[in-house]
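The values are calculated or read from the model by the stated rules, or taken from the named source; none is laboratory data. Nothing here was measured: the structure is a model prediction, and the numbers come from that model. Counting neighbours? That spans all protein chains shown, and the Cβs are built from the backbone with ideal geometry, glycine included. Just so you know, the surface numbers come from the protein's heavy atoms only, side chains and all, with ligands and any DNA or RNA stripped out. Shrake-Rupley method; radii C 1.70, N 1.55, O 1.52, S 1.80 Å.
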Amino acid sequence: DGPVIIVGAGHAGYQLAASLRQAGFSDRVCLINDEAHLPYQRPPLSKAYIKGAAGPESLMFRPEKFYQDQKIELIAGRVAAVDRAARKVKLASGEALDYGHLVLATGARNRLLDLPNANLPDVKYLRILDDSEALRAIMPSKKRAVIIGAGFIGLEFASTARIKGLEVDVLELAPRVMARAVTAEVSEYFQARHREAGIRIHLGVQATSIEAEGGKVTGVSLSDGRHLPADLVVVGVGVLPNIELAAEAGLPVASGIIVDEYLATADPNISAIGDCALFNSPRFGGSLRLESVQNATDHARCLAARLTGDKKVYDGQPWFWSDQGDDKLQIAGLTTGYDKVVLRGDPANKAFSAFCYKGEELLGIESINRAGDHMFGRRLLGMHRSLAPEHAADESFDLKGALA
Ligand code: FAD
C-alpha cells in the first residue's frame, strides 16, 4: 500500500507505470527519469533511428499527455539513496519521496573501454538517445569507423555505417561474432553477410590502443600488431547492470540486483525489474539476468499484477531480435547449454532457422528472415513443449500442426 516509486524510466519503468494504471492501481505512481526525454524505445537507437532522419518524438512510448491523463508523475532527476527504514528515496536534488513500494528499474550502462584516448569525442558508445543523436550528427563527416565488439549493437551499427558509405572494420576478441548469444551457424551466416556488404571483420583480436592527433582519432592498433586507420571509433563491449543503489541500501546483489521468482528483493517493499534484475527462474532452474525488451516489459507486467493483488511467479518466455543490414534475426527461447543444432531452411537462400536442442529437448530457435518459425517457437516454448528434431529439419512438416 502507498505510493509506488519507480527508479528509472526505461522500458521496464515505463511499462510498470502504464500497467499499474491499467490494472486499476489508484495510489501515487512516480516514475523517476534521469534522462532529458520522455520515456522512449531503445532498440531503434542502433537501427532505424540512426539510419533515418526522424526526430526524437518518433521514439517516445507516449506523448506527455498520457502521463498527465494517467496521473503518472514523471519526476526529472536521479535517485541518490534509499532509506529503507524510513521508506524514502532521496533524489540528487535533495528532494525526498515516500514509498509504499519501491521498484528499481535502473537498467544497465555501457562497459567503458579502458584505453588511452578512449574519452576523445570521436570515440562513441550507444546506449541512450543522446548517444544515437551524437553519432547521427557526426557520421556524415566521417570516413572510416572501427567498431570494437561484434555483439548485437556493434554489428547493427556496423551495417548502418556501411550503408551510410563509411569504411567499416569490426574487431572481436572471440573467434566468431555474437559468440555469447547465437550458434556458430548463425555467427557464420552474419559474418558472411557483413563481409559481402564490404565490412571487414577481424576475429580473435583486441584493440590495444587508440591513436589520435590534436584530439582527433587517427586509428586503432590491434593485438596482432596491425594498425587500422579510423576517424571514428564505436565501442560495443557490453553493459554493466546498475546495481549500486541497491547495494548501497544493503540489498543483496551479484551480477544484478538479486530478486526471487516474484521479482522481490530481500526487502518485501522493494522489487527490481528489467536489465538490472538477477531473477530466480523456476522455468530455467536458476538465476538469470537478461537484456531485452521482452524481459523488461514482461517483468513489469508481472510486478504490476502482484502490486494489484494478483501474485504470480514470473514465467516469461524469452525472445529477442536484431536487425542487421537486410537481415532480421529473431530468437525465441534461451539457447544456453544446447548440444545439437538442427537447421530448417538453407542459409544460401538467406532464410533459415537454427533449432537448438539439449538432447531431445528444444531450448530455442534462432530465425533469420523466417518470422513464421520465430512465432511458432514462441508459442511452442510458451506451452512448455518441444518438437522432434527430425520434424524441425523437415520443411514439409507443418509446424502449425505441432501447436494443436
Ligand atoms: P533501461 O532501458 O536501460 O532503463 C533504465 C533507466 O534507468 C535509464 O534511463 C537510466 O538512465 C535510468 N536510471 C538508472 N539509475 C537511475 C537512478 N539512480 N535514478 C534515476 N534513473 C536511473 N533489446 C531487444 O529485445 N531487442 C533489440 O533489438 C534491442 N536493441 C537495443 C539497441 C540498443 C542501442 C540498446 C542500448 C539496447 C537494445 N536492446 C534491445 C536492449 C533493451 O533496450 C534493454 O534490454 C531495455 O532497454 C531494458 O530496459 P530497462 O528498463 O531494464 O533498462
**Prompt:** Among the numbered criteria (1) in contact (Cβ under 8 Å) with a residue 60 or more places away in the chain; (2) among the charged types (D, E, K, R); (3) more than 16 Å from the ligand (Cβ to nearest atom), which single criterion is violated by residue 57?
**Reply:** (1)
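Sort through 2, 52, 13 and tell me the only one that's farther than 17 Å from residue 107 by Cα, of a type in the set (Gly, Ala, Ser) and in contact with a Gly (Cβ under 8 Å, 6 or more places away or on another chain). Before you say what the answer is, go through the steps one by one.
Numbers: 52 fails: in contact with a Gly (Cβ under 8 Å, 6 or more places away or on another chain); 13 fails: farther than 17 Å from residue 107 by Cα.
Selected residue: 2, the only one of 2, 52, 13 that is farther than 17 Å from residue 107 by Cα, of a type in the set (Gly, Ala, Ser) and in contact with a Gly (Cβ under 8 Å, 6 or more places away or on another chain).
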**Prompt:** What single numbered condition from (1) part of a strand (DSSP E or B); (2) out of contact with any Cys (no Cβ under 7 Å at 6 or more places or on another chain) fails to hold for residue 379?
**Reply:** (1)
**Message:** Quick test for you: out of 296, 266, 254, pick the one residue that is within 20 Å of residue 111 (Cβ to Cβ), at pLDDT 95 or above and open to solvent by 40 Å² or more (accessible area, probe 1.4 Å).
**Reply:** 254
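Taking the criterion of being in a loop (DSSP other than H, G, I, E, B) and either open to solvent by 40 Å² or more (accessible area, probe 1.4 Å) or basic (Lys, Arg) (or both), would at least one residue in region 97-108 satisfy it? Explain how you work it out, then say what you get.
Kept after step one, since they are in a loop (DSSP other than H, G, I, E, B), are these residues of region 97-108: 99-100, 105-107.
With the extra rule that they be either open to solvent by 40 Å² or more (accessible area, probe 1.4 Å) or basic (Lys, Arg) (or both), the set shrinks to none.
Within region 97-108, not a single residue is in a loop (DSSP other than H, G, I, E, B) and either open to solvent by 40 Å² or more (accessible area, probe 1.4 Å) or basic (Lys, Arg) (or both).
Can you confirm whether residue 316 is within 13 Å of the ligand (Cβ to nearest atom), without any contact (Cβ under 8 Å) to a residue 60 or more places away in the chain and over 21 Å from residue 84 (Cα atoms)?
On the way: within 13 Å of the ligand (Cβ to nearest atom): yes; without any contact (Cβ under 8 Å) to a residue 60 or more places away in the chain: yes; over 21 Å from residue 84 (Cα atoms): yes.
Spelling it out, residue 316 is indeed within 13 Å of the ligand (Cβ to nearest atom), without any contact (Cβ under 8 Å) to a residue 60 or more places away in the chain and over 21 Å from residue 84 (Cα atoms).
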**Item:** Candidate set from region 303-356 (those that are of a type in the set (Asp, Glu) and surrounded by 16 or more Cβ atoms within 10 Å (Cβ to Cβ)); member that is nearest to the chain's Cα centre (by Cα)
**Value:** 323
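Step by step: first the residues of region 15-72, then only those that are in a loop (DSSP other than H, G, I, E, B) and in contact with a Phe, Trp or Tyr (Cβ under 7 Å, 6 or more places away or on another chain), then the one that is most open to solvent (accessible area, probe 1.4 Å). Which residue is that?
Looking only at region 15-72, we keep the residues that are in a loop (DSSP other than H, G, I, E, B), and these are 23-28, 34-39, 41-42, 47, 52-55, 61-63, 70-71.
With in contact with a Phe, Trp or Tyr (Cβ under 7 Å, 6 or more places away or on another chain) added as a condition, the list becomes 39, 41, 61.
Working: 39: 2, 41: 69, 61: 50 Å².
Ranking the qualifying residues of region 15-72, first place goes to 41.
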**Prompt:** Could you give every pair whose Cβ atoms fall below 7 Å, whose first residue belongs to region 109-135 and is without any contact (Cβ under 8 Å) to a residue 60 or more places away in the chain, and whose second residue is more than 10 Å from the ligand (Cβ to nearest atom), counting only separations of at least 6 or pairs across chains?
**Reply:** 134/124
**Complete:** The residue that is surrounded by the fewest Cβ atoms within 10 Å (Cβ to Cβ), considering only those in region 73-96 that are of a type in the set (Val, Ile, Thr) and either outside the structural domain of residue 17 (by TED's automatic domain parsing) or touching a residue at least 60 places away in the same chain (Cβ under 8 Å) (or both), is 79
